[in-house]
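The values are calculated or read from the model by the stated rules, or taken from the named source; none is laboratory data. Since we're looking at a predicted model, the values are computed, not measured. For neighbour counting, all protein chains shown are included, and Cβ atoms are generated from backbone atoms with ideal geometry for every residue, glycine included. Accessible surface areas use protein heavy atoms only, side chains included; no ligands, DNA or RNA. Shrake-Rupley method; radii C 1.70, N 1.55, O 1.52, S 1.80 Å.
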Amino acid sequence: MNMKRFEWIDTLKGIGITLVVASHIYTGEIRYFLGIFSMPLFFFIGGFLYSSKYDNQVYLKRKIVHLIVPYIAFILLLYPIQLITLLPQRQGFSFVDILKLIVNPIIGGTFLWGLTSAFWFTTCFFITQQLANFIIRKVNPKQVIFYIIGLSGLSYLNYLFFKQIFLPQNAHVAIAGTSIFLIGFLYRKLYSERNNSTISISVLFFVLCMTLYSNQTSNLWSWSLLGMDMKRANYGMPVFSLLLAIGLILLLIDISKLLVKYAPLLSKIMGALGQASMSILYLHLAFIYALKGLDSGISYFNLFVFSTALSFIIHSIILKFSFTRAIFLGSYSDFEQIFLTRNNQI
């Protein structure tokens, strides 16, 4: 299936990354609500766009370049800045504290903080891709649903009973990530452009989950129990939160398609942000901290607009040079031309 058919994918990514930025700015019920689906959305998209045209070795190699190389590059760029700018605000460092600061970016995941707090997604997504690739290649597509159920169950067991268990680079969160990735993969299998409306399904999921949820709590509009915090392996209410996340993701897909069809200008703006989504993920917290430092009274809206816009501007600059595309965007063609081809010639 030709990926160019899905004009709405970049628009969807753009909506998704703006929601991620908003979730790091706004607090309270807004953050809880956005947490239900903002990060699951990208695991779902990953599954939808999955392609098995590469063998396992080539797939691994390309994903290392596409995800791990930019991860390391942005860590090396931003972590020293983080230490210089944020550490003076802390007092009373011991040798153990200093050691933790050195080890934190190596362990990654929940140990990443400050400017690099959102970087957990990259390594978790990389592990998710490898695990999902293994499953998809080994099992019949009809059996994938059983892996989704099993992996979802394991992730909730980790959350409910074994919170103290964690793995470096948030590898344990990849269990939940893989279940959502596989849901996206199955949705792609069932997807049809001729019958592409999922709004009714989205509304059905929403009504079902909120009806069940309202039977458990007297406060219908409190999102704190349903919200997910995947970085900390918090998956909300078992089953309900996952169903609601998928329902809202399907709703965003429909919104993206409607924007492409009826609001092409807005769709192009969202699409451009979608193409820059990884750069925005890496950079937006740095600009949020910087803008807060310049003006402690800056409004949430201005913080959202400027941090997103400035991240996009840096992304546009990165695009201009093959070296920066290779290092910071993980462009495999540029990386291969600069590093792999040169090494082979040597």
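Go over the candidates 310, 294, 329 one by one and state the one that is more than 20 Å from the chain's Cα centre (by Cα) and either among the β-branched types (Val, Ile, Thr) or more than 30 Å from residue 159 (Cα to Cα) (or both). Result: 294 is the single residue among 310, 294, 329 that is more than 20 Å from the chain's Cα centre (by Cα) and either among the β-branched types (Val, Ile, Thr) or more than 30 Å from residue 159 (Cα to Cα) (or both).
Can you list the helices (runs of 4 or more DSSP H) lying wholly within the range 44-144 that have 1 or more residues being farther than 26 Å from residue 245 by Cβ and aromatic (Phe, Trp, Tyr)? In the range 44-144, the matching helices (runs of 4 or more DSSP H) lie at 56-63, 69-86, 95-107. As for the range 130-137, it holds at least one residue that is in contact with a Lys or Arg (Cβ under 9 Å, 6 or more places away or on another chain) and under 19 Å from residue 230 (Cβ atoms). Among the residues of the range 146-175, count how many are in contact with a helix residue (DSSP H, G or I) (Cβ under 8 Å, 6 or more places away or on another chain), in a loop (DSSP other than H, G, I, E, B), open to solvent by 80 Å² or more (accessible area, probe 1.4 Å) and not β-branched (Val, Ile, Thr). Looking only at that region, the number is 2.
The set of residues in the range 256-284 being crowded, with 21+ Cβ neighbours inside 10 Å, farther than 29 Å from residue 151 by Cα and under 15 Å from the mean Cα position of the chain (by Cα) consists of 273, 276, 279, 280, 283, 284. Of the listed requirements (1) within 24 Å of residue 79 (Cα to Cα); (2) at pLDDT below 90; (3) open to solvent by 50 Å² or more (accessible area, probe 1.4 Å), residue 105 misses just one: (3).
Of all residues assigned to the range 245-255, at least one qualifies as being open to solvent by 30 Å² or more (accessible area, probe 1.4 Å) and either outside any helix (DSSP H, G or I) or within 22 Å of residue 9 (Cα to Cα) (or both). Screening the candidates 282, 300 for the property of being among the aromatic types (Phe, Trp, Tyr), modelled with pLDDT of 95 or more and within 21 Å of residue 82 (Cβ to Cβ) yields one hit, 282.
Restricting the range 7-50 to residues that are without any contact (Cβ under 8 Å) to a residue 40 or more places away in the chain and open to solvent by 30 Å² or more (accessible area, probe 1.4 Å), the residue that is farthest from the chain's Cα centre (by Cα) is 28. Applying a threshold of 7 Å to beta carbon distances and a minimum spacing of six or more residues, or different chains, the list of pairs starting in the range 63-78 at a residue that is in contact (Cβ under 8 Å) with a residue 60 or more places away in the chain and closer than 19 Å to residue 130 by Cα and ending at one that is outside any helix (DSSP H, G or I) and open to solvent by 20 Å² or more (accessible area, probe 1.4 Å) reads 70/329. Scoring residue 340 on the criteria (1) at pLDDT below 95; (2) loosely packed, with under 13 Cβ neighbours inside 10 Å; (3) not polar (S, T, N, Q) leaves a single failure, condition (2). Given the conditions (1) touching a Gly at 6+ places or on another chain (Cβ under 6 Å); (2) surrounded by fewer than 16 Cβ atoms within 10 Å (Cβ to Cβ); (3) modelled with pLDDT of 90 or more, report the number of the one that residue 86 does not fulfil. Every listed condition holds for residue 86 apart from (3). For residue 55, the conditions (1) open to solvent by 10 Å² or more (accessible area, probe 1.4 Å); (2) under 28 Å from residue 314 (Cα atoms) are fulfilled apart from (2).
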